[in-house]
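Trainee: The structure's right below; bear with me while I get my questions together.
The values are calculated or read from the model by the stated rules, or taken from the named source; none is laboratory data. It should be emphasised that the depicted structure is a prediction, and the values quoted were computed from it without experimental measurement. Cβ placement follows ideal geometry from the backbone for every residue including glycine, while neighbour counts extend to all protein chains displayed.
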Amino acid sequence: MSETRYIQANSNGRLHPADTPAITPLNRGYLYGDAVYEVWRTHAGVLFAFGEHWARLERSAAALHLALPLTPGQCQAEIAHTAAAFRARTGEAGELYVRLQITRGAGPIGLDPGLADRPDWTLLVQRAPAPATRGLRLAIPHSLRRNPAACLDPAWKTGNYLNNLLGVGEARRRGADDAIFLNLAGHLTEVSTASLVLVDGSRLVTPRLEDGLLPSITRALLLAQVAPAAGYAVEERSIAPAELEQFSEAMVLSTTKDLAPVAAIDAREWPAAPGPVTRRLMAAWQDWVLAYADQHPELRV
């Protein structure tokens, strides 16, 4: 692995390159996707929204009846340790991507969760992805729908991402960058790892969480704080694909993407992406996260 693509791992407190073995093949995260995870990124060297992400991790773990092996303070210390090792190895001084995965552990082969010995954790640190330089093209998968909450709730951030993965695979085969899923009722939900926001005049319209979405931290902060401060009303409702024609702009939101413009959803195109509302919100978001970084020096890594 080249230094520009190097990923620093920390498995249960042991630092190592991410491309070297670290867990037993009997680990349940490997065998069954029996795991939860969270992703952070830094802004101005500060872990952004650490507490909000940790609270979501706790909710995901509770839904799986999985005990977290780290406290928030221990996690922050391990992130700082891993980030320092990454910077020392690569000389990277820019922004970082941080992923924490927690599995139920290892044990005899079998689905019974009681077979697990103890939870395992792994941190991964790498360079944060560069912001999008062009509008993304999205495709609605024909072959599958977003898994419903009554089966495997999309609100849980787990190690089981086959639904997302297969949708992305179809979208890529059709020449798109990513997939945006419909639920069983035929309403728009979310992109594989991002939330969707549409623009209608001075209103931002986004699918309801109840339609089958992960409760995105970026989405929550943008809708509750950044967008209203920038003068935009927010509406959360069910959206059918046929309604896309009425919207003047589209964007996606996530921890790693921040706000990224959308140039097309299937045949509906926004060739001027990013439009004026998207550009204004992208600037407002950057101002907001930098202010957050100034207010939280204790989260610097």
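Trainee: Collect the residues in region 144-154 that are crowded, with 16+ Cβ neighbours inside 10 Å and part of a loop (DSSP other than H, G, I, E, B), keeping them in residue-number order.
Mentor: The answer is Arg145, Arg146, Asn147, Pro154.
Trainee: Kindly provide the set of residues from region 170-201 that are among the hydrophobic types (A, V, I, L, M, F, W, C), within 24 Å of Thr255 (Cβ to Cβ) and not in a strand (DSSP E or B), ordered by number.
Mentor: Hits for region 170-201 are Ala171, Ala176.
Trainee: What are the pairs with Cβ atoms under 8 angstrom where one residue, in region 72-88, is surrounded by 14 or more Cβ atoms within 10 Å (Cβ to Cβ) and the other, located anywhere, is among the hydroxyl-bearing types (Ser, Thr, Tyr)? Sequence gap at least six, or different chains.
Mentor: Matching pairs, first to second residue: Phe86/Tyr6.
Trainee: May I pose another question? From (1) part of a loop (DSSP other than H, G, I, E, B); (2) touching a helix residue (DSSP H, G or I) at 6+ places or on another chain (Cβ under 8 Å); (3) not aliphatic (A, V, I, L, M), pick out the condition that doesn't hold for Pro271.
Mentor: Tallying (1) part of a loop (DSSP other than H, G, I, E, B); (2) touching a helix residue (DSSP H, G or I) at 6+ places or on another chain (Cβ under 8 Å); (3) not aliphatic (A, V, I, L, M), Pro271 fails exactly one: (2).
Trainee: OK, next. Check region 256-264 and report whether any residue there is in a helix (DSSP H, G or I), surrounded by 18 or more Cβ atoms within 10 Å (Cβ to Cβ) and either modelled with pLDDT of 95 or more or not assigned by TED's automatic domain parsing to the domain that holds Pro141 (or both).
Mentor: no
Trainee: Kindly indicate which of Asp200, Asp120 is surrounded by 14 or more Cβ atoms within 10 Å (Cβ to Cβ), at pLDDT 95 or above and closer than 28 Å to Ile7 by Cα.
Mentor: Asp120
Trainee: Now, a different point. Does Leu68 qualify as being of a type outside the set (D, E, K, R), within 20 Å of the chain's Cα centre (by Cα) and not in a loop (DSSP other than H, G, I, E, B)?
Mentor: So Leu68 fails the test.
Trainee: Inspect all residues belonging to region 227-249 and state whether any of them is more than 30 Å from Gln74 (Cα to Cα), within 18 Å of the chain's Cα centre (by Cα) and surrounded by 15 or more Cβ atoms within 10 Å (Cβ to Cβ).
Mentor: no
Trainee: When both residues are 6+ apart or on different chains and their Cβ atoms are under 6 Å apart, which pairs have a first residue that lies in region 104-120 and is under 11 Å from Asn27 (Cβ atoms), and a second that is of a type in the set (Gly, Ala, Ser) and not in a loop (DSSP other than H, G, I, E, B)?
Mentor: Between residues of region 104-120 that are under 11 Å from Asn27 (Cβ atoms) and residues that are of a type in the set (Gly, Ala, Ser) and not in a loop (DSSP other than H, G, I, E, B), there is no close pair.
Trainee: Follow-up question, since we're still on this one. If you scan region 12-29, which residues turn out to be touching a residue at least 60 places away in the same chain (Cβ under 8 Å) and not β-branched (Val, Ile, Thr)?
Mentor: Passing the criteria: Asn12, Gly13, Leu15, Ala18, Ala22, Leu26, Asn27, Arg28, Gly29.
Trainee: Which of the residues that make up region 34-65 are more than 16 Å from the chain's Cα centre (by Cα) and either farther than 15 Å from Gln101 by Cα or surrounded by fewer than 15 Cβ atoms within 10 Å (Cβ to Cβ) (or both)?
Mentor: Scanning region 34-65 gives Ala44, Gly45, Val46, Ala62, Ala63, His65.
Trainee: Looking only at region 126-143, count every residue that is touching a helix residue (DSSP H, G or I) at 6+ places or on another chain (Cβ under 6 Å), assigned to a loop (DSSP other than H, G, I, E, B) and buried (at least 16 other Cβ atoms within 10 Å of the Cβ) and tell me the total.
Mentor: Qualifying residue count for the region: 1.
Trainee: From the list Pro69, Pro17, pick out the single residue that is farther than 28 Å from Pro131 by Cα and surrounded by fewer than 17 Cβ atoms within 10 Å (Cβ to Cβ).
Mentor: After ruling out the rest, the residue left standing is Pro69.
Trainee: Now for a different question. Restricting to region 81-134, name every residue that is within 25 Å of Ala260 (Cβ to Cβ), of a type in the set (A, V, I, L, M) and touching an Asp or Glu at 6+ places or on another chain (Cβ under 7 Å).
Mentor: Those that are within 25 Å of Ala260 (Cβ to Cβ), of a type in the set (A, V, I, L, M) and touching an Asp or Glu at 6+ places or on another chain (Cβ under 7 Å): Leu100, Ala128.
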